[in-house]
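The block underneath contains the structure these notes are about, expressed in structure tokens.
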Amino acid sequence: MFQAHSEDNTAAPDQIRVSTFLRKWYYFAITIPVCLGLGAAHYFLVTPTYVVTARILIQERGKPLTPHDENALVQSFLPTHAEILSSPSVISRAVPKIPSAKVDSPDKSPIDKVLKRLEVRPLAGTNVLSVTYTDEDPQWAIDGLSEVIESYRDYLSEREQSGHQQTIVLLDKRAEKLRHEIADLQVEYQEVRSQSPLLGTDVDAASVQRNKLMRVGEELVRTQSQRIALENKLETLLAMQADPAQKNMHLVAKPAIPNEFDQQRKVVELLSRLNSEGLLAGSHLQTDLDTLLSSEVEYSELRKSYGEKHPSVLAVAERIETLEKRLNEVAASAQTIVRQETEALRRRETRLASLYQDEFTEAKKIDEYLVKQQQKLDEIDLVKSAHDTIVVQLNELRVADQAVTEGRSSVVVSVLDGPILTDELLWPQPKPLFGICVLAGLASGFCLVFASEKFKQYKQQPVDPSRASRQLPLEFGRTA
């Protein structure tokens, strides 16, 4: 008997055939209606959910919609505003005006409830945000999303205005401080000005002093040059008077009469050159030399024509003698004259050097005061420039703050479309819900058929005789 049962069992296939599912159709007749009934209960009992969407354009005022630069700041602009829109700071402003944000328990946060229903998504490659909000009531969903967008606008305006106000306060304090600095610097400038020896326009007064110092310096250099030149001529003069050979030197043909002037002619000529160069005073030496030369030429011609005893010749000889005597006297005192002129130039040089030092000290003093005054003026100009810059910034901020107050903020938020319902009802929708119920009923029927077949195969498994013989005494003992 056991062998025949084993053969029948092995002959049966291990897999469940399709005919088995068709034969047990009543399982599906039970599971599918049950799932549909559960779906219907869910449809009538669950709270419906509606979805509202809107697209918002975020644009900085005065900038193009499609910027050419793709730096990190531009790329992070839209994600930053997406985070701001979905931040608790913005949602907390809209919560009092959203009816569905009310919570039953104080442990729950209405802000978290609204944040769970809100979704903000930046659209790649644009300055547009896609905002989605879900609610049980379609009108509440529309109103809630509208309040969130309006709170976002108010938040941006208040943040920008708050930043403007803080910056205006800081710049006002800085401008006031700079005005005090300007006043202090002007007082310091007046003190330096009162101590300054300058009169009139500072630059003109300093220029006059510099010109004066320059003229004294030029005069000092000229006096030094004259003194050095006279000293050199004095050495030449001493050498000429000490050289015996100078006694026999003549420039022109001399008359036959005895003449001592030939010994001093070089000295007189030297003195004449010094006179013509302005190194010695007096202008008669060159005139006397020219007169003497012309007289010597005339004497030579008259003597050849009339002889030495002619009255005309004697008159010319007397004139030559008078000139030579006068020039000899000048030549005899040449060293004294040159030394006196040299000492006079040295004394003049000493006075000019002292005057130059005094003028240089005065010019240096004037220059120091001029530098101090210019430094103070430069400091005043620098502080004034900083003050003017701050005043310009203050005016710009006040204009921008007024613009924000009037609704013209630096970031323009424009609603492109919405808030609108994406569908009449997000969930539960009849077709998807009952379709899922049918699929669940089919899956449940398949599971029941599979389980029943497996249980039936388990009951039909053959019993091992040796195992049965071991189990008989145990069963007998139990019955006994």
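The values are calculated or read from the model by the stated rules, or taken from the named source; none is laboratory data. Bear in mind that the values here come from a model prediction, so they are computed numbers and not experimental data. Side chains are part of the model used for accessible areas, which takes the heavy atoms of the whole protein and leaves out ligands, DNA and RNA. Shrake-Rupley method; radii C 1.70, N 1.55, O 1.52, S 1.80 Å.
Run the count for segment 304-411, please: Lys pairs, Cα-Cα under 25 angstrom, 8 or more apart or on different chains.
Numbers: Lys304/Lys325; Lys309/Lys325; Lys364/Lys372; Lys364/Lys376; Lys365/Lys376; Lys372/Lys384; Lys376/Lys384.
Count of close lysine pairs: 7.
Leaving ligands and nucleic acids out of the surface, order Trp25, Trp140 by accessible area at 1.4 Å, largest first. Write down the numbers at each step before the final one.
Numbers: Trp25 160, Trp140 110 Å².
Greatest to least solvent exposure: Trp25, Trp140.
Determine the per residue accessible area of segment 312-451 with all protein chains present and a 1.4 angstrom probe, expressed in square angstrom. Could you put the intermediate results ahead of the total?
Values: 8500 Å² over 140 residues.
I get 61 Å² per residue for this part.
When all protein chains stay in place, what accessible area (Å², nearest 10, 1.4 Å probe) is found for Cys35?
Rounded to the nearest 10, that gives 20 Å².
Using a 1.4 angstrom probe and counting only protein chains, how large is the accessible area of Phe446 in Å², to 10?
Roughly 100 Å² of Phe446 is accessible to a 1.4 Å probe.
Once you sort the root eigenvalues of the Cα gyration tensor of segment 86-171 as a ≥ b ≥ c, which label holds: rounded (a/c under 1.5), prolate (a/b larger than b/c) or oblate (the other case)? Kindly include the intermediate steps, with their values, before the conclusion.
Working: a/c = 2.51, a/b = 1.47, b/c = 1.70.
In terms of gyration-tensor shape, oblate.
What percentages make up the Cα-Cα pair-distance distribution of segment 304-353 when the bins are 10 Å wide from 0?
In whole percents, the pair-distance histogram is 22, 24, 20, 16, 11, 7, 1.
Would you kindly give the portion of the calculated P(r) for segment 114-237 that falls above 20 Å, as a percent of all Cα pairs? Kindly include the intermediate steps, with their values, before the conclusion.
On the way: 5835 of 7626 pairs.
Counting every Cα pair in segment 114-237, those more than 20 Å apart make up 77 percent.
Largest first, what is the accessible-area ranking of Leu123, Leu145, Leu156 with a 1.4 Å probe? Could the numbers behind the result be given before it?
Values: Leu123 45, Leu145 0, Leu156 25 Å².
Descending accessible area places them as Leu123, Leu156, Leu145.
With the cut-off at 1.5 for a/c, could you classify segment 321-460 from its C-alpha gyration tensor as rounded, prolate or oblate? Could you put the intermediate results ahead of the total?
On the way: a/c = 8.80, a/b = 4.42, b/c = 1.99.
In terms of gyration-tensor shape, prolate.
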